[in-house]
Every structure is written in C-alpha cells, then in structure tokens.
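Scroll down for the structure; my scribbles are underneath it.
Each value in this text was obtained by applying a stated rule to the coordinates, not by laboratory testing. What you see is a predicted model, and the numbers here were worked out from it, not measured in a lab. Quick reminder, even Gly has a Cβ in these numbers, built from the backbone with ideal geometry, and neighbours come from all protein chains shown.
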Amino acid sequence: MYKIAPSLLEADYNCLGEQLKKLKESGADYIHLDVMDGSFVPNLSFGMKMIQSIRSSSDLVFDVHMMVDEPIRFTEKMKLAGADVLTVHYEACKDVKTTLTKIKSLGMKAGIAIKPGTSLEVLDGQLLHLADVIQLMTVEPGLEGQSFIPESVERIAELKRKMKIYGQEKPIEVDGGISAWNIRSVVSAGANIIVSGKAVFEGDMKVNIRELRRQAEYAGKE
C-alpha cells in the first residue's frame, strides 16, 4: 500500500549501480530522481543521459521529479531515458494540463507537484483527473538542508478531502525531510508515496527502509 521512494540525490555517486541493487534488495519500491535546471530552482542535478545510463541497473519504478521551467520540452527525452513516472511543477508550466496530457500520451504516468506556498485551490477537478499522482512538497524545492514543514500534514489531509469531493482519489506523494520520526504523521494524513533521502542512505539502507515501512504501516492501521 505504501511506496518507499529513496531519493538518489543522497546516494553515493561513486557506485550508483551497486547502490541501485542494494535499494531493491532493501525493499525500495521506487527510485526518486530529481532533475533541476538552475532556473526554476537554484541547483543543478541529474539530466537525461545520467538517468538513461543507470536505467539498465534497476527494474524499479523510476519516479522522475522535474524541477525545471517548461518541462514539456523534455518529455520525449525523459521517456527515452527510462522514466516511468514524470512529475512536473504546476508553477513551472505555462499550460500544465497540456503538459500532463503529453506525458500520458507517451506512455508515462503523469504527476503534478506543488510548492509548500502554492494553494491547493490550483488543483481543480480537471487537473486531479489528468494527474496520476499528486506530489506535495514538504520543503521548498531545490534547496538543501531544510527541515520538514509541519503545516504540510494538514495540507495532505486537506488534499485528501478535496480528492474525495471530486471523486478523484489519486496517490499522494510527499517529498522533503521525511524520516522515521515524521512518516507516521504524513501517512495518517493520507500520503502513500514517501520520498526520503538521508533517512534511507545514512547508515544501513535495509534497516532504514524496513523502519520507514514499519512506521508507515503502523500509521495506516491507526
């Protein structure tokens, strides 16, 4: 029920192939890949060639988070690189509905992400229908060293309520500062795809993922 999506930003780049193998052995469900352009967000990160180069090292779902301006420009290349889920930011698209439609036409699942300061009101019925997954950022995108924003928990619950009203209950993904210490709160609120970086890669990955999943499943029973 709950998907654990380790963020590859925190991996050891000297041995990515080995890290990908360990992630599968440790029980990860997705591989979360952040693509940053230095414009929509201040940092730079993975590009299409890098994603394509590691695609053969893992059969896990590649969950690609596009933190770039006008990501519709790169949809075909991301498909070729091996993206399974392509998530774009509402704030980065001139026409987000056309962008989501293009992603789906290429055979990928389409996600829409919003920043912590973006109102949930932007997610109208049509957007909720088009998107396969809704990603709520629980920190500001593209900035390192941030802590989880506590108000995110109520946003998750509010989004869950809104989905029910529209009859569009899609997976809710959370990204930013998620650890074994706060995963129960986001799962209890309605999140079911959990992106986590340091909480996975610092220490024993298998132990860390097992604990994240244990806490998530415990929260789901509350």
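Only Lys, Arg, Asp and Glu carry charge here, each on its Cβ (+1 for the first two, -1 for the last two); on that basis the chain has a dipole of about 620 debye about its Cα centre. Helix-only arithmetic for the chain: the sum of -39500 (n - 2.57) across DSSP H runs with n ≥ 4, divided by the residue total, places the mean residue ellipticity at 222 nm at -11000 deg cm²/dmol. Each label was represented as a point 7 Å from its Cα along the Cα-to-Cβ direction; for His129 and Asp69 these points are 3.2 nm apart.
For region 138-222, chymotrypsin sites (Phe, Trp or Tyr not before Pro) are listed when DSSP marks them as loop and at most 16 other Cβ atoms sit within 10 Å of their Cβ; the list is Trp181.
Highest mean packing first, where packing is the average number of other Cβ atoms within 10 Å per residue, the peptides 167-177, 5-15, 80-90 line up as 80-90, 167-177, 5-15. Counting only Cβ charges, +1 for Lys and Arg and -1 for Asp and Glu, the dipole size of region 126-222 around its Cα centre is about 380 debye. Taking Cα centre as origin and charging only the Cβ of basic (Lys, Arg, +1) and acidic (Asp, Glu, -1) residues, the dipole magnitude of region 73-168 rounds to 400 debye. Legend: residue pairs Lys115/Lys164; Lys104/Lys160; Lys170/Lys198; Lys22/Lys79; Lys164/Lys206, Cα-Cα distance threshold 28 Å; pairs beyond threshold, Lys164/Lys206. From most to least packed by mean Cβ count within 10 Å, the peptides 103-113, 183-193 give 183-193, 103-113. Size check on the chain: the Cα extents along the three principal axes, sorted descending, read 42, 41, 30 Å.
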